[in-house]
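Scroll down for the structure; my scribbles are underneath it.
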Amino acid sequence: MIDRVEKLNRARLKQQTKVEEDAAPAPGHHPVVGADGINYQQTRTVSVSKDFLRENRIVCDYDQSNHLSAYKFLRTKVLRVLNANNWNTLGITSPGPEVGKTVTAINLAINFAMEISKTALLVDADLRRPTVHKYLGLPAGGGLSAYLADGGPLCELLIHPNIGDLVVLPGGRPLLNSSEMLASPQMTQLVEELKNRYPSRLVLFDLPPVLAVDDVMAFAPSLDAILMVAEAGKTKKEELMEACAALENSTYIIGTVLNKADHNAQSYPYYY
Ligand SMILES: Nc1ncnc2c1ncn2[C@@H]1O[C@H](COP(=O)(O)OP(=O)(O)OP(=O)(O)O)[C@@H](O)[C@H]1O
Ligand SMILES: [Mg+2]
């Protein structure tokens, strides 16, 4: 069974690579309606260079290193918990800043999108300092802040970065009242819609740090689960416990990723 899935995955990756080699698509429209029901004809496609991704520590099918295995391992562990509970919304946060939340969220979303039966939507919900678009080389405008502040159709704000069935909702322009926006009825309704409309789609939210601002505490009740990222040698045990305690009555913390675990050589995440 595992062999078959691996084979299918490989065939799919090969096909993907071939499409890119044959005709690296310029920003435009992806002519496919995905298995999750997303109309890719309406979703803007922006092709991202693999070198750019690699420089930003974004691990795709080209990378057969330990990094890819580590993210696959993390994906499988997380999927097991999400599937067992029938959950499909997951926030990625940490106690403090710059531990690697965004890199982890993007790599996890890509690995979810490489699953045969799943598609993934990555939402940049760090509305004070949105950075997902920077790591993926996507345009900065529009995004979640435009949806919450100005309204308008969501489908026009989604971007398909041409990596598997990954769809991204960038953060857009930074908002000062981000915690109010994340706790607003409009955001709650958006999460409900994303959660219930396409059951095969996993929705990941890249979040700010728990202890720096109140955004995560305000938004956590809308999420099924949270993955906590810690940085080896930097995040203190007390901070980790404080961050988990701050969220314990709002959502489920399904585990901790220890990021940047080996600074000298191939740093990659471990999951607990
Ligand atoms: N596993 C890793 N090994 C080495 N460097 C890493 C790793 N993961 C992330 N980084 C680097 O750490 C820095 C911060 O990463 P990232 O932006 O993902 O952190 P963050 O927790 O989202 O930060 P913020 O709190 O500002 O949102 C970046 O320079 C990134 O390239
Ligand atoms: Mg971040």
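Things worth noting here:
- Residue within the range 114-132 that is at positive phi, surrounded by fewer than 24 Cβ atoms within 10 Å (Cβ to Cβ) and touching a helix residue (DSSP H, G or I) at 6+ places or on another chain (Cβ under 9 Å) present: no
- The single condition among (1) more than 9 Å from ligand 2 (Cβ to nearest atom); (2) of a type outside the set (Val, Ile, Thr); (3) buried (at least 21 other Cβ atoms within 10 Å of the Cβ); (4) under 17 Å from residue 251 (Cβ atoms) that residue 136 does not meet is (4).
- Residue match in the range 75-90 (condition: within 16 Å of ligand 2 (Cβ to nearest atom) and either crowded, with 23+ Cβ neighbours inside 10 Å or not hydrophobic (A, V, I, L, M, F, W, C) (or both)): yes
- Check on residue 69, loosely packed, with under 14 Cβ neighbours inside 10 Å, more than 22 Å from residue 137 (Cα to Cα), among the hydroxyl-bearing types (Ser, Thr, Tyr) and at pLDDT below 90: yes
- The range 85-138, residues that are more than 11 Å from the chain's Cα centre (by Cα) and among the aliphatic types (A, V, I, L, M): 99, 114, 116, 127, 136, 138
- In the range 207-223, the count of residues that are over 19 Å from residue 92 (Cβ atoms), out of contact with any strand residue (DSSP E or B) (no Cβ under 9 Å at 6 or more places or on another chain) and surrounded by fewer than 24 Cβ atoms within 10 Å (Cβ to Cβ) is zero.
- Some residue of the range 225-232 being over 18 Å from the mean Cα position of the chain (by Cα), within 14 Å of ligand 1 (Cβ to nearest atom), buried (at least 18 other Cβ atoms within 10 Å of the Cβ) and at pLDDT 95 or above: yes
- Looking across the range 46-61, the residues that are among the acidic types (Asp, Glu) and away from ligand 1 (no atom under 12 Å from the Cβ) come down to 51, 61.
- Whenever a residue of the range 115-132 is within 21 Å of residue 44 (Cα to Cα) and in a loop (DSSP other than H, G, I, E, B), its partners that are more than 11 Å from ligand 1 (Cβ to nearest atom) and small (Gly, Ala, Ser), lying with C-beta atoms within less than 6 angstrom and at least six residues away or across chains, give the pairs 118/200.
- Qualifying residue in the range 157-175 (condition: within 14 Å of ligand 1 (Cβ to nearest atom), assigned to a helix (DSSP H, G or I) and in contact with a helix residue (DSSP H, G or I) (Cβ under 6 Å, 6 or more places away or on another chain)): no
- Taken over the range 56-66, the criterion of being surrounded by fewer than 18 Cβ atoms within 10 Å (Cβ to Cβ) and at pLDDT 90 or above is satisfied by 56, 57.
- Total residues in the range 65-115 satisfying the condition of being of a type in the set (Lys, Arg) and within 9 Å of ligand 1 (Cβ to nearest atom): the figure is 1.
- Failed item, numbered, when residue 153 is tested on (1) modelled with pLDDT of 95 or more; (2) surrounded by fewer than 20 Cβ atoms within 10 Å (Cβ to Cβ); (3) farther than 20 Å from residue 199 by Cα: (1)
The values are calculated or read from the model by the stated rules, or taken from the named source; none is laboratory data. On a predicted model such as this, the values are computed, not experimentally measured, just so you know. Please note: Cβ atoms are built from the backbone with ideal geometry, for glycine as well, and neighbour counts cover all protein chains shown.
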